[in-house]
1. Those residues that are at pLDDT 80 or above and out of contact with any helix residue (DSSP H, G or I) (no Cβ under 7 Å at 6 or more places or on another chain), I need them from segment 224-242; list them, please.
2. Kindly list the number of the only condition in (1) in a helix (DSSP H, G or I); (2) closer than 14 Å to residue 267 by Cβ; (3) within 19 Å of the chain's Cα centre (by Cα) that fails for residue 315.
3. What about residue 295, is it under 24 Å from residue 343 (Cβ atoms), touching a helix residue (DSSP H, G or I) at 6+ places or on another chain (Cβ under 8 Å) and outside any strand (DSSP E or B)?
4. What's the total number of residues in segment 87-117 that are out of contact with any strand residue (DSSP E or B) (no Cβ under 6 Å at 6 or more places or on another chain), closer than 19 Å to residue 155 by Cα and buried (at least 17 other Cβ atoms within 10 Å of the Cβ)?
5. Within segment 318-341, work out how many residues are closer than 20 Å to residue 187 by Cα and either touching a helix residue (DSSP H, G or I) at 6+ places or on another chain (Cβ under 6 Å) or part of a helix (DSSP H, G or I) (or both).
6. Quick one: in segment 267-307, of everything that is in contact (Cβ under 8 Å) with a residue 40 or more places away in the chain and over 24 Å from residue 239 (Cα atoms), which residue is surrounded by the most Cβ atoms within 10 Å (Cβ to Cβ)?
7. When you scan segment 59-77, do you find a residue that is touching a strand residue (DSSP E or B) at 6+ places or on another chain (Cβ under 8 Å), part of a strand (DSSP E or B), surrounded by fewer than 20 Cβ atoms within 10 Å (Cβ to Cβ) and modelled with pLDDT of 95 or more, even just one?
8. Go through the residues of segment 144-153 one by one and say whether even a single one is touching a residue at least 40 places away in the same chain (Cβ under 8 Å), out of contact with any strand residue (DSSP E or B) (no Cβ under 7 Å at 6 or more places or on another chain) and part of a loop (DSSP other than H, G, I, E, B).
């Protein structure tokens, strides 16, 4: 995976209306950090529908020409609760309200009521299905420790760092199994890094590195963004990337997925993480306007002035789940076309 401007996705893709009800991400009672939207089916029919939705999203990515694919998180009501609801120590029977993302929004969240532990595999079946359905390198995603801490209400630890380390140990046990199964990339989603740069330096990097211990064959990644755009929810772009990129350069993670399109951040920031492969966010997941291949190529070539092109991958800013399926498909296709154009112009 050393060709310049390989293409990938961050993780999530839109779910078809025949699989899940279509509601805004900040719908009351169905928060992305709480329980999530409802499925259209149940029982064995739901399981079959999830399989088919995964096949559809793989087809969409392969048809667009994406090099490194994911399952689109088609089995997840929430990128976060799909994991946290499977860990011992969390209760989602009664939700709590909590200000998250440095007071960006008041969310309904699950509660941490005891020690966080992994008691059984969480993603092995998903990865096994994914590997059987495609011959392309595959990415599997999990929420990172700091994001789990911020997205749940602590009623047990009374210490964010201590809770994060237990979360990291649980995620590491899962990651080791996924590594042995043959995932190409294991990605830890840490959108909250952009909101708490001081915490990133104090304990966030330590927790992230703990997730990576013993990973021998798989590339590891950390995804950092400014969170999903949501109707009626402010999305301030904090000047935090200089701090967190310098900190991440000292981490053990191989790849960084970074938002550069909607945030309009300067690609010169890439000079702060010279040893990392960067999934360079060049597609906006907050607008239906489809970027042009020429625009994408220009963005990638601008990034290549600050980091070798072989260390740059084309990616959306974040997951494409806020978009409709037709728009997401169009954006993936234009991103692939733009990466090809940039590759030609690089020569």
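The values are calculated or read from the model by the stated rules, or taken from the named source; none is laboratory data. Please read all numbers here as calculations on a predicted model, not as lab measurements. Heads up, the Cβs are rebuilt from the backbone with ideal geometry, glycines too, and the neighbour counts pull from every protein chain shown.
1. Answer for segment 224-242, where residues must be at pLDDT 80 or above and out of contact with any helix residue (DSSP H, G or I) (no Cβ under 7 Å at 6 or more places or on another chain): just 239.
2. With respect to (1) in a helix (DSSP H, G or I); (2) closer than 14 Å to residue 267 by Cβ; (3) within 19 Å of the chain's Cα centre (by Cα), residue 315 is out only on (1).
3. yes
4. Within segment 87-117, residues that are out of contact with any strand residue (DSSP E or B) (no Cβ under 6 Å at 6 or more places or on another chain), closer than 19 Å to residue 155 by Cα and buried (at least 17 other Cβ atoms within 10 Å of the Cβ) number 1.
5. Selection size over segment 318-341: 2.
6. If we take residues in segment 267-307 being in contact (Cβ under 8 Å) with a residue 40 or more places away in the chain and over 24 Å from residue 239 (Cα atoms), then 297 is surrounded by the most Cβ atoms within 10 Å (Cβ to Cβ).
7. Looking through segment 59-77, none of the residues is touching a strand residue (DSSP E or B) at 6+ places or on another chain (Cβ under 8 Å), part of a strand (DSSP E or B), surrounded by fewer than 20 Cβ atoms within 10 Å (Cβ to Cβ) and modelled with pLDDT of 95 or more.
8. No, there is no match, as no residue in segment 144-153 is touching a residue at least 40 places away in the same chain (Cβ under 8 Å), out of contact with any strand residue (DSSP E or B) (no Cβ under 7 Å at 6 or more places or on another chain) and part of a loop (DSSP other than H, G, I, E, B).
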